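Here is the structure we will look at.
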Amino acid sequence: MNFLRNIFTKNNTKDLEFVDTTRMAYMHNPVQKASEVATHFKKRQVEKYKKFEFIACPGMVDLKNYGYIIPAWDDMHFIANESDCMALIGGTGGRRQSSFSKPKLMSSAIAEGILENQDNVPLRVFHFGSPWRLSCQNKEISALIQAATFHSSFLHNLNVYPGIVDYGKFSTINLICSIKRKCEFTIKAGEPLLHVIPFHGKGISAGFGPGDQHQIDEALGSKSSTSQWYRKYITRKKETNLTSQESEKEV
């Protein structure tokens, strides 16, 4: 039996593995494929325009569907006014103690000038330590950790700072954020929180200059009246898979 298990594991080596080091998040609020998480604005567009206009831009749809979504691992409560900003974790507005680490204040200097807060709210940078770690055996893979722009409904109040991490073997995924304006709101456990976009960090060479005749012809061809030209002739399918260790153990 152990021999068969070893064979199965060897043949199913993952490029990336999201590891819940607390063993408290993966059952109730697991990582999800971005393509399987709904946008937060579809209903609004359909009510206003009678159809979902977002899908008319294949580039944005591609970004929305690529990679993985890490949902909030517990309720996260935010309060901001002219006096100060506060971030709490746990239910009932942070009054119920959470089993996860409390948010920490980072130096505001690291975000000075990135955005201008509204309503005279002071700049505070909060660090939420995630229960998730990303294990990567392929050292050429890195990941962009950013706001889930097309999935999260709270970004009008919260700025999520993006960053690239080289995930050689085992490293952290954290939420680093600032409150933008005077407000009080809660990100409920399970809501889309972070968008993880993996990519190969191989060297890329680039250049710029005037187009040659072939490049200009290609550019003019892109203006064809053919319906959904970009989606039909340019867009490539991007595969991201996600499986649970628990489901594999049952096989």
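Which residues, taken from the range 12-29, are crowded, with 18+ Cβ neighbours inside 10 Å and at pLDDT 90 or above?
Matches in the range 12-29: Phe18, Asp20, Ala25, Tyr26, Asn29.
Quick test of your reading of the structure: Asn159 fulfils all but one of (1) over 19 Å from Pro198 (Cα atoms); (2) in a loop (DSSP other than H, G, I, E, B); (3) under 14 Å from the mean Cα position of the chain (by Cα). Name the failing condition by number.
Condition not satisfied by Asn159: (2).
Step by step: first the residues of the range 142-153, then only those that are crowded, with 18+ Cβ neighbours inside 10 Å and touching a residue at least 60 places away in the same chain (Cβ under 8 Å), then the one that is farthest from Phe185 (Cα to Cα). Which residue is that?
Ala143
Across the range 53-96, what is the total count of residues that are more than 30 Å from Thr22 (Cβ to Cβ) and among the hydroxyl-bearing types (Ser, Thr, Tyr)?
Result for the range 53-96: 1.
If we keep just the residues of the range 62-113 that are outside any helix (DSSP H, G or I) and of a type in the set (S, T, N, Q), which is surrounded by the most Cβ atoms within 10 Å (Cβ to Cβ)?
Selected residue: Ser98.
Condition test on Leu123, is it at pLDDT below 95 and either buried (at least 17 other Cβ atoms within 10 Å of the Cβ) or in a strand (DSSP E or B) (or both)?
No; evaluated as a whole, the condition is false for this residue.
Counting only residues that are of a type outside the set (D, E, K, R) and not in a strand (DSSP E or B), which one in the range 130-153 is nearest to the chain's Cα centre (by Cα)?
Ala148
Would you confirm whether any residue within the range 177-195 is part of a strand (DSSP E or B), among the polar types (S, T, N, Q) and under 23 Å from Ser107 (Cβ atoms)?
Yes, the range 177-195 contains at least one residue that is part of a strand (DSSP E or B), among the polar types (S, T, N, Q) and under 23 Å from Ser107 (Cβ atoms).
List pairs: first residue in the range 154-168 and of a type in the set (A, V, I, L, M), second residue part of a loop (DSSP other than H, G, I, E, B) and modelled with pLDDT under 95 anywhere in the structure, Cβ distance under 9 angstrom, at least six positions apart or on different chains.
Once the first residue is of a type in the set (A, V, I, L, M) and sits in the range 154-168, its partners that are part of a loop (DSSP other than H, G, I, E, B) and modelled with pLDDT under 95 give Ile164/Gly201.
The values are calculated or read from the model by the stated rules, or taken from the named source; none is laboratory data. Given the structure is predicted, the values throughout are model-derived calculations rather than measurements. Using ideal geometry, Cβ is built from the backbone for each residue, glycine included, and neighbour counts are taken over all protein chains shown.
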